[in-house]
1. Could you say which residue among Phe66, Phe42, Phe58 is among the hydrophobic types (A, V, I, L, M, F, W, C) and in contact (Cβ under 8 Å) with a residue 40 or more places away in the chain?
2. Any residue at all in segment 58-75 that is on the phi < 0 side of the Ramachandran plot, of a type in the set (Gly, Ala, Ser) and at pLDDT 85 or above?
3. Cβ-Cβ under 7 Å, sequence separation 6+ or interchain: first residue in segment 23-34 and hydrophobic (A, V, I, L, M, F, W, C), partner open to solvent by 70 Å² or more (accessible area, probe 1.4 Å). Which pairs?
4. Take Tyr65 and tell me if it is farther than 15 Å from Glu82 by Cα, exposed (fewer than 15 other Cβ atoms within 10 Å of the Cβ) and of a type in the set (Phe, Trp, Tyr).
5. For Lys38, all conditions in the list (1) modelled with pLDDT of 80 or more; (2) not in a helix (DSSP H, G or I) hold save one; what is the number of the exception?
6. Can you go through Ile78, Ile105 and tell me which one is of a type in the set (A, V, I, L, M, F, W, C), modelled with pLDDT under 85 and part of a helix (DSSP H, G or I)?
7. Kindly evaluate Glu45 against the criterion of being open to solvent by 20 Å² or more (accessible area, probe 1.4 Å) and modelled with pLDDT of 80 or more.
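The values are calculated or read from the model by the stated rules, or taken from the named source; none is laboratory data. Just so you know, these numbers come straight off a predicted model, no measurement behind them. Positions of Cβ are backbone-derived with ideal geometry, glycine not excepted, and every protein chain shown enters the neighbour counts. These area figures cover heavy atoms from the full protein model, side chains too; ligands, DNA and RNA do not enter into them. Shrake-Rupley method; radii C 1.70, N 1.55, O 1.52, S 1.80 Å.
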Amino acid sequence: MNEPTIRKKVIVQVMLGISLVLGVLSPLLMYVITNRKKMNIFYQETSRKALNFHLTIFPFFLIRYFLPQNYGNFIYIILAVELIFILNAMFRIGLNKPYSYPFAIPYIREKKKREKRKQRISKKEEKRIEKRVSDNRRFS
């Protein structure tokens, strides 16, 4: 992957900063826009990682509403963890170092993995069709 420009890094860091306030919305918006317009892979990958992280954390915010009032500090712990992981990602992006969000469930996979999976499925489908054709020839 080519090294991203300073402008691209700043845009991604702003998206991450906004995601601290708006949660899932800014990574989701960036992911949808970059995939629809076939933009730079740097934008796609960073927004995909951030979106997976936010989608992993979001259920904890929902769970908070079902807990008794005694567990009021639970939400602050989740917010602190989110803040630490996002700030770490922002700094590592600025330094051109690889990063990942721990505990993030990969709801949205990398494009390469998705394409490979589609190819495997299409190969399996081709084999099934070939088998059906050969079976039909045998019984004809």
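1. Working: Phe66 fails: in contact (Cβ under 8 Å) with a residue 40 or more places away in the chain; Phe58 fails: in contact (Cβ under 8 Å) with a residue 40 or more places away in the chain.
Only one candidate qualifies: Phe42.
2. The first filter runs over segment 58-75 and keeps only residues on the phi < 0 side of the Ramachandran plot, leaving 58-75.
This time we only want the ones that are of a type in the set (Gly, Ala, Ser), so: 72.
In the following step, the residues that additionally are at pLDDT 85 or above were identified as none.
Checked against the condition, which is being on the phi < 0 side of the Ramachandran plot, of a type in the set (Gly, Ala, Ser) and at pLDDT 85 or above, segment 58-75 yields no hits at all.
3. Cβ pairs passing all conditions: Val24/Phe58.
4. Details: farther than 15 Å from Glu82 by Cα: yes; exposed (fewer than 15 other Cβ atoms within 10 Å of the Cβ): yes; of a type in the set (Phe, Trp, Tyr): yes.
So Tyr65 passes the test.
5. (1)
6. On the way: Ile105 fails: part of a helix (DSSP H, G or I).
When all the criteria are applied, what remains is Ile78.
7. yes
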